[in-house]
1. Specify which of the listed residues (GLN76, GLN34) is touching an Asp or Glu at 6+ places or on another chain (Cβ under 8 Å) and either at positive phi or acidic (Asp, Glu) (or both).
2. Of all helices (runs of 4 or more DSSP H) completely enclosed by the range 68-144, which ones contain at least 1 residues that are touching a Ser or Thr at 6+ places or on another chain (Cβ under 9 Å), modelled with pLDDT under 90 and closer than 21 Å to VAL57 by Cα?
3. In the range 16-58, which residues are of a type outside the set (Lys, Arg), outside any helix (DSSP H, G or I) and under 14 Å from the mean Cα position of the chain (by Cα)?
4. Out of the residues in the range 71-114 that are hydroxyl-bearing (Ser, Thr, Tyr) and touching a Lys or Arg at 6+ places or on another chain (Cβ under 9 Å), state the one that is surrounded by the fewest Cβ atoms within 10 Å (Cβ to Cβ).
Amino acid sequence: MPLPDTMFCAQQIPIPPELLDILKQFTKAVIRTQPTDVLRWSAGYFSALSRGEPLPVKDRLELPVATQKTDTGLTQGFLKVLHKQCNHMQYVELADLKHKWKNLCLPVEKFKALLELDPHENTIEWIKFLALGCSMLSGSLNTAMKHLCEILTADSEGGA
C-alpha cells in the first residue's frame, strides 16, 4: 500500500502568487476601517471584491469623535464608504443599502431610526439619505453641512 502524500516542508506547499497581495490589502483595510465584527465585515469585503464593487474600506484610520451627539457607531468615514458604494445611483434600494450598512457592522436600529426621519417604501434618494446620515452625526445644521461637504468633495484631504 503506497504512503499518502505527506507535506514535509513549506517549500512543498504551492501558494498562489496573488494570495499574498490580497491578504496584505485586506489586512490594511481591516486596520483602517476597524470593524466591530471583523467576520461580518470580511464577508462584505470579499463579496464586493469578487463582484468588482467599491470595497467597504475607510480611506484612513478614524479616531473616535468626542463631539458626536450620540454614539450611533456611524462616523463620517463610514458615510464616505457608503457614498463610494452608492454615489453612482440617484435612488438606492433600501434592501441593498441595509445590506451595505450591516456589512459595515453599523447598528440596524440606527438605520431604521435614520429612515424614520424620511420614510420610504423600497427606495430612497441617495443624496437625501447621505444628508440624513450627516445630520445624525451632529447637533447642528452647520456641522451636518460641513460633514456633507467633506464627504462630497473630490479633494483627497476632505476639503477645507
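1. GLN34 is the lone residue from the list that is touching an Asp or Glu at 6+ places or on another chain (Cβ under 8 Å) and either at positive phi or acidic (Asp, Glu) (or both).
2. 126-137
3. Across the range 16-58, the qualifying residues are GLN34, PRO35, THR36, ASP37, GLU53, PRO54, LEU55, PRO56, VAL57.
4. The qualifying residue surrounded by the fewest Cβ atoms within 10 Å (Cβ to Cβ) is THR72.
The values are calculated or read from the model by the stated rules, or taken from the named source; none is laboratory data. It should be emphasised that the depicted structure is a prediction, and the values quoted were computed from it without experimental measurement. Don't worry about glycine lacking a Cβ; one is built from the backbone with ideal geometry, like all the others, and counts go over all protein chains shown.
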